[in-house]
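Q: Below are the structure tokens for one structure; questions will follow.
The values are calculated or read from the model by the stated rules, or taken from the named source; none is laboratory data. These figures come from a predicted structure and were not determined experimentally. Glycine gets a Cβ as well: all are built from the backbone with ideal geometry, and neighbour counts include every protein chain shown.
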Amino acid sequence: MEYKKFGNDIMKRVDIHTGTQIATVDTFFDKEFHVELEISQEEVNIVDSIQVKATVRDYLGDVVENFDSIIFDLNGFENSITVIDGIATLDFSSEVSGTYKIKTMNKGIRNSEIEVVVNE
């Protein structure tokens, strides 16, 4: 088994031996890069803030240190954060209670999303 890159997609190539013939099959494996989101806590009070950490990884799970920036989306508002050593960090706080969905919106990679609950 081997991996082949086609654009931003990684395909898994498998050779199937039938005894007299060999068939090569390419199947979608993953995007070349993906984002993993982590938060310091899932719930926060109105006066507090939390950090949202976005780690850029390749299809093998290794950190990609030379990625430019991550675009975060919070309820329709986008914010581009520079990636340093494979990680972009967003500080989040809200003056209004509720559940907030924070997601990444970069083109051509597998993005991620996470929810934060803000309590009064």
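Q: Just to be sure I understand, how many residues within segment 96-120 are polar (S, T, N, Q) and loosely packed, with under 15 Cβ neighbours inside 10 Å?
A: Qualifying residue count for the region: 3.
Q: Look at residue 87 and say whether it is crowded, with 16+ Cβ neighbours inside 10 Å and not assigned by TED's automatic domain parsing to the domain that holds residue 112.
A: Answer is no for this residue.
Q: Name the residues in segment 68-78 that are at pLDDT below 95 and either surrounded by 14 or more Cβ atoms within 10 Å (Cβ to Cβ) or assigned by TED's automatic domain parsing to the domain that holds residue 4 (or both), would you?
A: Once the filter is applied, which keeps residues that are at pLDDT below 95 and either surrounded by 14 or more Cβ atoms within 10 Å (Cβ to Cβ) or assigned by TED's automatic domain parsing to the domain that holds residue 4 (or both), segment 68-78 yields only 74.
Q: Given the criterion at pLDDT below 95 and in a strand (DSSP E or B), identify the matching residue among 55, 89, 99.
A: Just a single option satisfies the conditions, and that option is 99.
Q: I'd like to verify a number: residues in segment 1-38 that are closer than 25 Å to residue 86 by Cβ and either among the hydrophobic types (A, V, I, L, M, F, W, C) or not in a strand (DSSP E or B) (or both), how many?
A: 11
Q: Taking the options 78, 65, name whichever one is without any contact (Cβ under 8 Å) to a residue 40 or more places away in the chain, over 18 Å from residue 5 (Cα atoms) and touching a Phe, Trp or Tyr at 6+ places or on another chain (Cβ under 9 Å).
A: 78
Q: Filter segment 6-55 down to residues that are free of Cβ contacts under 8 Å to residues at least 60 places away in the same chain, surrounded by 11 or more Cβ atoms within 10 Å (Cβ to Cβ) and either hydrophobic (A, V, I, L, M, F, W, C) or not assigned by TED's automatic domain parsing to the domain that holds residue 110 (or both), then give me how many there are.
A: Count: 9.
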